[in-house]
Amino acid sequence: MRAFSNRAEAGRLLAEKLEKYAGRDDVIVLGLPRGGVPVAYEVARRLNVPLDVFIVRKLGAPGFEELAVGAIASGGVRVLNDDVVRALPNADEIIESVTAKETAELERREQIYRDGRPAPDLRGRVVILVDDGLATGATMRAAVAALRQRDVAKIVIGVPVGAAETCREFETEVDETVCAIAPEWFQAVGQYYEDFSQTSDEEVRELLARAAQKD
């Protein structure tokens, strides 16, 4: 099943489900790079609200990178998975080392994507977190945990497609969850897109620059 021709079309369809936030000065759309940004760009454009990125980097255990010790996110926020941390020998040392490495990559991306523009102040704002889809939701979960430390007024998750079970889980974790389509039988986000080619850093940069000119 192909529901969307590409991420831009997916964003336009998702925006229809978020119309109640249109034109509000307390709303900001944050795209999760890289694939979430083309979707978020269309949502922000249709709703006529600002767009920015919220970068999340997983902290993988050395040698077992798929095992998440935690995550770091834009704004110097770190979230740790206590169960994994407890199981690690020399946990403090490992966490500091991995955090340093991933912080450098996060800062590199922020510099490239924002091109000197300051990060937005999120305090008291309604944040619509957008990605191109939700499978397990691990990255989105880290983003939500990080946003909770930023004193935002409301967290809304918006995705064009998500596994039904994952969408249901998020309904109890954030203020509002909007999954435009949520199939019970779900294999991968890419199966719902005709074009699911990788989004480049340059494309992210260009969309953010274009959105910033409108603000």
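Count the net charge of all other residues whose Cβ sits under 12 Å from the Cβ of I112, scoring Lys and Arg as +1 and Asp and Glu as -1.
Summing Lys/Arg as +1 and Asp/Glu as -1 gives -2.
Between beta-carbons, use under 14 Å as the cut-off and find the net charge around L14, counting Lys and Arg +1, Asp and Glu -1.
Numbers: positive: R7, R12, K17, K20, R45, R46; negative: E9, E16, E19, E42, D131, D132, E176.
Combined, the nearby Lys, Arg, Asp and Glu give -1.
Computed per residue of the chain from DSSP H runs no shorter than four, each worth -39500 (n - 2.57), the mean residue ellipticity at 222 nm is -12500 deg cm²/dmol. Here Cα extents along the principal axes in Å was calculated from the structure, and among (1) 49, 42, 32; (2) 43, 40, 33; (3) 61, 50, 34 it sits at label (1).
Once you reduce the range 10-30 and the range 137-215 to the center of their Cα atoms, the two points are 13 Å from each other.
For the range 155-215, GluC sites (Glu not before Pro) are listed when DSSP marks them as loop and at most 16 other Cβ atoms sit within 10 Å of their Cβ; the list is E173, E184, E194. Scan the range 111-215 for trypsin sites (Lys or Arg not before Pro) in coil per DSSP, keeping those whose Cβ has at most 14 other Cβ atoms within 10 Å, and list them by number. Listed in order of number, the matching sites are R123. Straight-line cross-link partners of K58 among the lysines, defined as a Cα under 30 Å from its Cα and at least 8 positions apart when in the same chain: K17, K101, K154.
With both residues required to sit in the chain, DSSP beta bridges show an antiparallel share near 35%. Taking a ≥ b ≥ c as the square roots of the eigenvalues of the Cα gyration tensor of the range 87-129, is the shape rounded (a/c under 1.5), prolate (a/b larger than b/c) or oblate? Judged from the Cα gyration tensor, the range 87-129 comes out oblate (a/c at least 1.5, b/c at or above a/b). Checking the a/c ratio against 1.5 first, then a/b against b/c, what shape does the Cα gyration tensor give for the range 16-84? Prolate, since a/c reaches 1.5 and a/b exceeds b/c. For the range 1-91, trypsin sites (Lys or Arg not before Pro) meeting the loop criterion (DSSP other than H, G, I, E, B) and having at most 12 other Cβ atoms within 10 Å: R2.
Values quoted throughout were computed directly from the atomic coordinates according to the rules given, and no laboratory measurement underlies them. Remember, predicted model here, so these are calculated numbers, not experimental data. Every residue, glycine among them, receives a Cβ derived from its backbone with ideal geometry; neighbour counts consider all protein chains shown.
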